[in-house]
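Below: one structure, written as structure tokens.
Since every read-out is calculated from the coordinates, none of them should be taken as a lab result. None of these values were measured; they are calculated from a predicted model. Note that we place each Cβ from the backbone using ideal geometry, even for glycine, and neighbour counts take in every protein chain shown.
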Amino acid sequence: MIPLPLPALHATHAGIWLAAQDDEVREATRGEAIARAAETPHIILNAPLVGQRLGYPELSGLDLLELFAFVHPARFAVPTVPGMARAIGLDLADDEPAALTLLRIADGLLAKLGDPDWREREGAWTSNVTLHRLGWGWAPLIGARLARPERGERILFSRLKQWDESGERVPPLAVTVAAAQARAELDRLTGNVEAREGQRAMAEAVSGIFAAKRAKDSPNLLLAEAGTGIGKTLAYLAPASLWARASGGTAWVSTYTKALQRQLDAEGHKIVADPDERARRIVVRKGRENYLCLLNLEDALQGAFAGRAAILAQLVGRWAAYTKDGDMVGGDLPGWLPSLFRRAGATALTDRRGECVYAGCPHYRRCFIERAERASRDADLVIANHALVMVNAARAREDAPGRILFDEGHHLFDAADSTFAVTFGGQEAIELRRWIVGPEGRSRGRRRGLAARLMDVASYDEEGGRALEAAVEAARGLPSDGWAQRLVEGDPYGPVEALLAEVRGTVYARAKAQEAGYGPETELAEPDGALVERAAQAMAALDGLQKPLAALGRRLEAVLEDAPDWLDTQARARVEGAIRGLTWRRETVAAWVALLARIGGEGDPDFVDWLAVERIDGREYDVAIHRRWLDPTKPLAQAVLQPADGVLVTSATLRAGEGWTAAEARTGAAHLPGAVGHFEAESPFDYAGCSEVLIVTDIKQGDLPALSGAYARLIEAAGGGTLGLFTAVQRLKAVHAKIADRLAREGLPLLAQHVDPIDAGTLVDIFRDDPRASLLGTDALRDGVDVPGHSLRLVVMERVPWPRPTVLHAARRIVGGGSAYDDRVVRARLAQAFGRLIRRQGDCGTFVILSAAMPSRLLSAFPAGVQIRRVALEEAIARVAAILPATREAQAQADRGAAQPHHDAHGLFPRAGED
């Protein structure tokens, strides 16, 4: 083995350590560590995070995560010292210093390069040559250990599989799934290990949505509230897979979070054992912006990226050859990889600007997006997300689903709210300009705009050429680079920038002081004359753009229909791609025109319109006019539910402590003419015996030191394993700053969303992996964390999660019953937060709210029977500490396979009168 002549640097909130190859490990000061890292490259783990710990953001070195991504692309690893060691099969002694382990991990990864069984060898030598030229620190060390291949390596794009074209799928047969069949299939999938009658009853109920549709606009609709632990995933997959096989159709399973998508994908082996057959019959689908664009990657690899972004492109290229599906967001690309490069270049590798040329792309037959779309046409089950299902249905796509199973159904309202929204602002407008005109300044790669992409085609068609020229000229009136600064300086260019300047002035004139971190906004009501005049001028400019775009679209369609001699395959492909893009852009511009027509005119009672200045940490990044449906379940029902044949909407908290009427209102079922089925099954968990809710009464709101102290002491009492939920990012950051070092000295790592330079999914992975770690976060973690077992045993909310008083919320509050509407929102949030605590049999824990102002009327959000106590902080700490040994024993029982831990025997959470 070639010795590794480099030291290692490890930094946490507890301290900083340096290690050398002679096994010497010593603690260092921050200044010494920075100085040494500047003199000599050190082996580190997660450079942005270590740099943050040192207060030296520009820290560079030999990052083990980058080396892992090179050696093992598309392989999962928790980005911690124990996680990396485990990923490469390295045994660790309990007292081994982490800094020394970094050296051992580096040795292990580099030694893999000489392993004849290394399956990711192909392409490594060629990539490393380029990385060496780019100055990547690991490249010389890899080059010294990696033998040059005897034959030249195939280029990346020739190694990717091609998808096969197939004929249109025949419509599904009209078949039914009998309840007994669904029950038998469920027993097969579960191995009939245990009798869960709630799960079986749900499978039988779900089978009904696959019956023939009774009437137009009346799908077979079932709302199902299935408590955590019922096993609802297999309960609906059983009848869905049966129906798909028998009918030859496709059932779409829709989720809100990527975590559930991964969970559903993982269940696929129970339905189809053979991996190849499973890949054909069960397909994961996401929006285009999630997938790697091979043409963008080719541009990046050929020099369009520079500096660190170029290194990222090479590592993504390594991943592209081994990925399952090309999903860069939530797929098998490590979530931590883009964050190592501060996301420089990562978004440019996906199709986020709608510039796809479709069949005109040289990589079209290998395109990950097209492969996923085609695979879904022939699949039994398509695992998608709410947004994609809604967009496909709203655009009347040919692959719009007819049988939809919405899991995490309590999020349908929010998903529809985003999908059917309209925003007209500087960011949206400049993107449209760039799509038509192309980027300003030096063009990079194919990012040339519609004009350049169709120039040769338009030259053969005089009418189309005139329409294209008119569209380009009209688009030049949209905001261009530097628009935001011109608004601040009061020097807008063109009618749209003039409107945005007036919007900005109106917002700052009317809006009241906002909570730090949020941008000001104001209702679009009683606009003054200047705003009305600017809106009319901007509307005229948009109309002047809309007409040539429509003319160009018609002309391109005519060109395809006539198929002149000059229309070769490449030209046809570009025209087809342009037509698809034009259709989307024309719909967008039409929505903008309708929104601007509202200014100075009569309002529409179905919509809420407002003006906003968007800010992040006090920095303006957009000025916009927003439109939302007052009730977004109306377009949801019309565009998605009514055309479908059968729909399931399920969740553990579908009613959120309310009745079925509330559930129907939040899911769109109330807008359907036909009957709606209901199903409910209570959780099998003994919530009363394995959990309790503590409302701490002596933490004064606004007392940040007291809040921070409460968090620190509760986490110490629980020995970690705490999920801390905040309603404001600024308070989260302040609490983290006060307690992170203190907890680290106790051996209790503290992770934090919006603080640590790590994506939320990776933070959850680290949290799940370390039972002594704790995690602070906001809304995304309240709804998207699935951490069963001892790693999550305490949830702490800093206050009652009241909705923020925005213009949109105020409008919905008026029609929703005032304070009763607020209560429904809060109950739903509390139910979701509590749901993070108990995820499987054997889980136990405590839910704490640090607010004496918690109203008793909201306590119905928690499961029936759970003991709820109002206590002082000292008692809360004592109760958390007292049950810690028992929760460990309960977890040990669950891990040993006990069917149901005897919680009462442990005396975990005595009921009233049993203290």
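Taking K and R as +1 and D and E as -1, what net charge do the other residues with C-beta under 13 Å from the C-beta of Leu141 add up to?
On the way: positive: Lys112, Arg145; negative: Asp63, Glu66, Asp107.
After counting each charged neighbour, the total is -1.
So, by mean Cβ neighbours within 10 angstrom, what's the order for 552-559, 385-392 with the highest one leading?
Put in order of decreasing packing, that is 385-392, 552-559.
Quick one: grab the alpha carbon gyration tensor of the stretch 422-629, order the square roots of its eigenvalues as a ≥ b ≥ c, and give me rounded if a/c is under 1.5, else prolate or oblate depending on whether a/b is larger than b/c.
prolate
Near Val488, within a Cβ-to-Cβ distance under 10 Å, what is the net charge of the other residues, with Lys and Arg +1 and Asp and Glu -1?
Numbers: positive: Arg486, Arg504; negative: Glu489, Asp491, Glu620.
That sum, taken over residues with Cβ under 10 Å, equals -1.
Between Ala734 and Glu875, what is the label-to-label distance in nm when each label sits 7 Å out along the Cα-to-Cβ direction?
Using points 7 Å along Cα→Cβ, the separation is 2.8 nm.
Quick one: which of 588-601, 20-33 comes out on top by average Cβ neighbours within 10 Å, and what's the full order, highest first? If you can, show how the numbers build up before the last one.
Details: 588-601: 18.1, 20-33: 13.6.
In decreasing order of mean packing, 588-601, 20-33 become 588-601, 20-33.
Considering the chain, which cysteines have no disulfide-compatible partner, defined as another cysteine with its Cβ under 4.7 Å away?
Cys293, Cys356, Cys361, Cys367
Using only Cα atoms, locate the centre of the stretch 78-130 and the centre of the stretch 623-637, then give the distance between them in Å, rounded to an integer.
Comparing the Cα centres of the stretch 78-130 and the stretch 623-637, I get a distance of 50 Å.
Counting pairs of alpha carbon atoms under 8 Å apart in space and at least six apart in sequence, what relative contact order in percent does the stretch 789-876 give?
Numbers: 78 pairs, mean separation 37.2, N = 88.
Once divided by the residue count of the stretch 789-876, the mean separation gives 42 percent.
Give the cross-link partners of Lys700 among the lysines, using a straight C-alpha distance below 30 Å as the criterion and excluding same-chain residues fewer than 8 apart.
Cα-Cα hits under 30 Å: Lys512, Lys733, Lys738.
Which percentage, to the nearest 5, of the DSSP beta bridges contained in the chain is antiparallel?
Of all bridge pairs located within the chain, approximately 35 percent are antiparallel.
Among the lysines, which have Cα under 21 Å from the Cα of Lys161 when same-chain residues fewer than 8 positions away are ignored?
Lys286, Lys324
Taking the Cβ of Gly600 as the centre, find all other residues whose Cβ is under 11 Å away and add up their charges (Lys, Arg: +1; Asp, Glu: -1).
In short, -2.
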